[in-house]
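*Asks:* What follows is a single structure, and I will ask about it in a moment.
The values are calculated or read from the model by the stated rules, or taken from the named source; none is laboratory data. Since the model is a prediction, treat every value here as computed from it, not as a measurement. For neighbour counting, all protein chains shown are included, and Cβ atoms are generated from backbone atoms with ideal geometry for every residue, glycine included. The accessibility values were calculated without ligands, DNA or RNA, using every heavy atom of the protein model including side chains. Shrake-Rupley method; radii C 1.70, N 1.55, O 1.52, S 1.80 Å.
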Number of protein chains: 4
Amino acid sequence: MPRREDDETAGESIGRILALSDGVFAIALTLLILDIAVPATTNGALGKALLDLWPRYLAYALSFLVIARFWMVHHQMYRLIVRDNATLVWLNFLLLIFIAFLPFPTAVLGAHRGSAAAAVLYATAVWLTSASSAAYLWYASGRGNLLRPDAGRAQIRAMRARSVSGPVLFALSVPVAAFAPYVAYAVWVIAFPLARMSFVWFFAEEPQQPGSVPSP
Amino acid sequence: MPRREDDETAGESIGRILALSDGVFAIALTLLILDIAVPATTNGALGKALLDLWPRYLAYALSFLVIARFWMVHHQMYRLIVRDNATLVWLNFLLLIFIAFLPFPTAVLGAHRGSAAAAVLYATAVWLTSASSAAYLWYASGRGNLLRPDAGRAQIRAMRARSVSGPVLFALSVPVAAFAPYVAYAVWVIAFPLARMSFVWFFAEEPQQPGSVPSP
Amino acid sequence: MPRREDDETAGESIGRILALSDGVFAIALTLLILDIAVPATTNGALGKALLDLWPRYLAYALSFLVIARFWMVHHQMYRLIVRDNATLVWLNFLLLIFIAFLPFPTAVLGAHRGSAAAAVLYATAVWLTSASSAAYLWYASGRGNLLRPDAGRAQIRAMRARSVSGPVLFALSVPVAAFAPYVAYAVWVIAFPLARMSFVWFFAEEPQQPGSVPSP
Amino acid sequence: MPRREDDETAGESIGRILALSDGVFAIALTLLILDIAVPATTNGALGKALLDLWPRYLAYALSFLVIARFWMVHHQMYRLIVRDNATLVWLNFLLLIFIAFLPFPTAVLGAHRGSAAAAVLYATAVWLTSASSAAYLWYASGRGNLLRPDAGRAQIRAMRARSVSGPVLFALSVPVAAFAPYVAYAVWVIAFPLARMSFVWFFAEEPQQPGSVPSP
């Protein structure tokens, strides 16, 4: 009986962590649009001015996808995580502090197309976010021991392996950004379909496992 | 027993998709007001300055209703959707990227009354949003096969048919906006009551069906 | 059995209405702070500049309390509302469109102290909000018939009576605001404790009734 | 039977209080980034301009941690609180009005490094927030009598004792801020690890108690 009560308390506690996290993710996604200001121009010149904003539209779409990906990973982790502790909550805030920061490098990127400094800032910010996301997963599935008991070992190993790809990719893109910003943009845009495909390929192998993670 | 556990996992998973989506909808609705800046004028001239903002008040109300409608459709779909998968989650993000974008064309519309470019941008943005909303429904009720088994076929057919009306209306309003912005405004404002009435009429026919969707 | 399923569907449906509404309330509350800009001054003159912002601090606190009150009434209504329908959802959006609008008159009020136009705008905006909140309650407890069956009649009558006080008070404050803005400010500030006290007094009478609403 | 219904109603009611609070916390956390504006400079000078923003990055991180801490305390309290009443709801709004205010002193602090006025404003704002957080806990665990019956007395005593440390620390830092802003910054940054350590130390003593609060 005390067991069950503990479980319920853990469930409620995780519920609030998710509510706060979903709030921060949703707001970070939605604040991105504030980086695109209405052109202060005449009605006649408005069409061209709106088209000239294309680097900002791209920056908006890129960061929306980046934050969406981080949400997907977070969502996927919490299909397995069934307990929380102090360290997990702080690792969650570490992730959220970087998620909530992303609108700023996005705005800089949209306003300073072709700037090495803007590209380095962006690569560094996403790198730190993905590193904290990976640390989160490694802790929860390792020392923290917070996953559901029936989580498949192969699945956990695969998630841990995949979680390293983001930090590695964005760490490598930092020097690229410093010398060839446009190449870095291409890397970021291409990285998503690649990661997506590898993911689909992985889960195609083990679709029936209980607690499996078919969504992201 | 494993069956039920899967169901519960699916329910929790959909719960987070809804939490994130409701967050983005709520923030997009609320950010619209940031497009209306306080007039920088003397107290004596403030009254007239506030009245002169009427195009922005209209743009605010129009976009609030537009986003509210998309939320209603989303809400209505999730009375029938009981499972999720990777494609659904990405289609959801596709919808949200357009929802979160809408405050920008709204601000442009409020600041550039009578501009063809502003009206075209607005029509295009709402068109893309409604197209992604329709794609969402068609996927979930078709190839995705994610609806509850007892969902009525007639109801699904009607929802799919109706979901096409938004994209068609706003696609048609793009050329109108290019040549006669004020006519386009009128079309958008009139479109809502019409769609609303047809909706009420439809559900008046089958009020007792379980899983029916009486609310939007 | 089909009965219960309907009830659950209704519960989920209301759950999403509340999630969206709570999101809009929370964001409207939090956006109020964006109306207070950092003074662009030297460090030496900063202290005085921060003190000179007092009308904005007051406007922030006033609107925070006003929105908090509307949330309390909403919260209180949904202790009794157990079903939703299309009209209720649209009345909810009518309320939310005014709630999400309130940061704008608040900003105008904070920037234009002593202006009759700013005070009239504020009184009108709160008046429309409270009128839509009252319409909401009257519909749900009247024609809509959406309350739980065991809701006490005396309680409903009292809620309906009280819900009229807000619209009346703010409607009356519109002409006051037009001629004596400072008197209007005083009325708004004093109105809250008075309404609060009458509320406490009312519920002190019938504390044990099931479905009673002890919190706001 | 009426007992259980009351309990359920109480649970739903607390659920909405938490939803609104989590929304305000999440938005306050995420709005902090709006205080960092994109430097209006050439691409060549952007790198240096971004580095020169370091006081704003620090202010962002500091306030993120401060708000995160207040959320943790709130979260921890609601593991024990199982009933609500009117006073609790208003104390919750009192806390939220200060939480939602924090982005402003953060922006002032980031824009006016080394200013005594900015540091005093910040210390005062956090002091008021922590005082209202402490009042909240004292009320819920004292006169309000809103905690779960099995909450450990030693645990409550410890929480109440700890809740005083924040107000005392920030009240003491007000005069420090007035005369030596940089010393105040150091105090705030160091205060967190210290409070954290004392917390961990405390809960290491009684890990098995039901209803214990292992997370913050």
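*Asks:* Say a label goes 7 Å from Cα toward Cβ at B:ARG153 in every copy; what distances in nm does this one have to the rest, shortest first?
*Replies:* Computed spacing set for this position: 4.9, 4.9, 6.9 nm.
*Asks:* Relative to the other copies, what are the label-point distances for D:PRO55, with labels 7 Å from Cα along the C-beta vector, expressed in nm at one decimal and sorted shortest first?
*Replies:* Inter-copy label distances (nm, one decimal, shortest first): 2.9, 2.9, 4.0.
*Asks:* Calculate what fraction, in whole %, of the accessible area of the range B:118-186 sits on carbon and sulfur atoms when a 1.4 Å probe is rolled over the protein chains.
*Replies:* Details: 2210 of 3120 Å².
Carbon plus sulfur share of accessible area: 71 percent.
*Asks:* Hey, what did the range B:121-198 get for relative contact order, percent, Cα under 8 Å, at least 6 apart?
*Replies:* For the range B:121-198, the relative contact order is 39 percent.
*Asks:* A further question follows. What's the magnitude of the charge dipole for the range D:67-165 around its Cα centre, counting Lys and Arg as +1 and Asp and Glu as -1 at the beta-carbon? Answer in Debye, nearest 20. It would help to have the intermediate numbers written out before the result.
*Replies:* On the way: 10 positive and 2 negative charges, 65 e Å.
That gives a dipole near 320 debye.
*Asks:* Name the residue from A:ALA123, A:LEU137, A:HIS74 whose Cα lies farthest towards the positive end of the charge dipole of the range A:1-146, charges +1 on Cβ of Lys and Arg and -1 on Cβ of Asp and Glu.
*Replies:* A:ALA123
*Asks:* Another question, then. So how far, in whole Å, is the C-alpha centre of the range B:73-138 from the one of the range A:53-78?
*Replies:* Computed from Cα coordinates, the inter-centre distance equals 16 Å.
*Asks:* Can you list the residues of the range D:26-40 whose accessible area drops by at least 40 Å² going from the chain on its own to the full set of protein chains, with a 1.4 Å probe?
*Replies:* Correct list: D:ALA26, D:ILE27, D:THR30, D:LEU31, D:ILE33, D:LEU34, D:VAL38.
*Asks:* Next question. Could you tell me what % of all Cα pairs in the range C:70-170 have separations over 18 Å? Don't jump to the answer; show the numbers that get you there.
*Replies:* Values: 2508 of 5050 pairs.
Considering the range C:70-170, 50 percent of its Cα-Cα pairs are separated by more than 18 Å.
*Asks:* When the Kirkwood radius is taken over all Cα pairs of the range D:1-138, what Stokes-Einstein diffusion coefficient follows at 10 °C and 1.306 mPa s, in µm²/s?
*Replies:* Estimated diffusion coefficient is 94 µm²/s.
*Asks:* Could you give the Stokes-Einstein D for the range C:82-139 in µm² per second, using the C-alpha Kirkwood radius, 4 °C, 1.567 mPa s?
*Replies:* 105
*Asks:* In addition: Dipole of the range B:59-193 (Lys/Arg Cβ +1, Asp/Glu Cβ -1, origin at the Cα centre): which of B:ALA154, B:GLY114, B:ALA61 lies farthest to the positive side?
*Replies:* So the residue we want is B:ALA154.
*Asks:* What is the spin-label model distance, in nm, from B:ALA154 to D:ASP52 if the labels are put 7 Å beyond Cα along the C-beta direction?
*Replies:* Going from the B:ALA154 label point to the D:ASP52 one covers 7.1 nm.
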